Amino acid sequence: MAKVQGPLMSMSASGTIGKSITFDKRGHVRNRVVPANPQSPDQGNVRQMLLGVQKAIKRVGATVIAAIKTLAPTSYRWNSFLLQAVLGAGSSEFIASRIAYLALSQAQRDSWEAEALALGLVDQSLVYASDPVISAGLALFAVSRALYRLGINVADGAPSGTNQIAWHDYYIS
């Protein structure tokens, strides 16, 4: 049921009238839309990738955030800018990061996993996704590669199988 304060359209209105028109709190009026959530495998794959990367982005430290803010256009939030850099167009950068991560030896991947767990990251999966689980180490590796590509941390070199501790230390700075 719509809630109206004052005459309609003069003060404020929010809610839905007759299952056809919706008023939002910002004063916009639109047709009522019933969202669909098909939970298809393709949708699950994208959501799973976003979930893993976003959890990793939440763990970056103040130094990293300040560096990202200096590069991000003023119309972007720092985390959206970094998310775009991690994923790339059509997820191309994330896919490249996954390929590079899987090319590491098992011992090197285990080391990235250990560093990610030290940050409090955990593997991310959705039951309706058909892609493999986004491991904590992969998420950390993908964000680190984006930071390197952006020129934010070039001192430690491109993320590889030998510098995961340096990246962990920079990541939380």
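Have a look at LYS55, LYS19, LYS69 and tell me which one the Gaussian network model of the chain (Cα, springs below 10 Å) gives the largest fluctuation. Highest fluctuation among the options: LYS19. Each label was represented as a point 7 Å from its Cα along the Cα-to-Cβ direction; for ALA89 and ASP42 these points are 1.9 nm apart. Here the Gaussian network model covers the chain, with springs between Cα atoms less than 10 Å apart; of THR70, THR16, THR162, THR16 fluctuates the most. Dividing the summed helix terms, -39500 (n - 2.57) for each DSSP H run of n ≥ 4, by the number of residues in the chain produces a 222 nm estimate of -15000 deg cm²/dmol to the nearest 500.
Rounded to the nearest 5, the antiparallel percentage of DSSP beta bridges internal to the chain is 100%. Averaging 1/r over every pair of different alpha carbons in region 59-115 and inverting the result gives a Kirkwood radius of 13.1 Å. Once backbone amide H atoms are built at 1.01 Å from N, ILE172 has GLY61 as its partners under 5 Å, excluding neighbours fewer than 5 places away on the same chain.
How much net charge surrounds ARG109 when only the other residues with a Cβ under 15 Å from the Cβ of ARG109 are counted, with Lys and Arg +1 and Asp and Glu -1? Every neighbour counted, the sum reads -2.
Take the Cα gyration tensor of region 73-173, multiply each eigenvalue by 5, square-root it, and list the three semi-axes largest first, rounded to whole angstrom. The partial results should precede the final answer.
Values: eigenvalues 78, 68, 33 Å².
Ellipsoid half-lengths, sorted descending, are 20, 18, 13 Å.
Report D for the chain in µm² per second (integer): Stokes-Einstein, Kirkwood Rh on Cα pairs, 20 °C, 1.002 mPa s. Stokes-Einstein gives a translational diffusion coefficient of 117 µm²/s.
The GNM of the chain, with springs linking C-alpha atoms under 10 angstrom apart, assigns the highest mean-square fluctuation among TYR76, TYR148, TYR128 to TYR76.
Bear in mind these aren't lab numbers, they're just calculated from the coordinates by the rules spelled out. In this text the structure is predicted, and so the values were computed from the model without any measurement. Cβ sites come from the backbone with ideal geometry, for glycine too, and all protein chains shown count toward neighbours.
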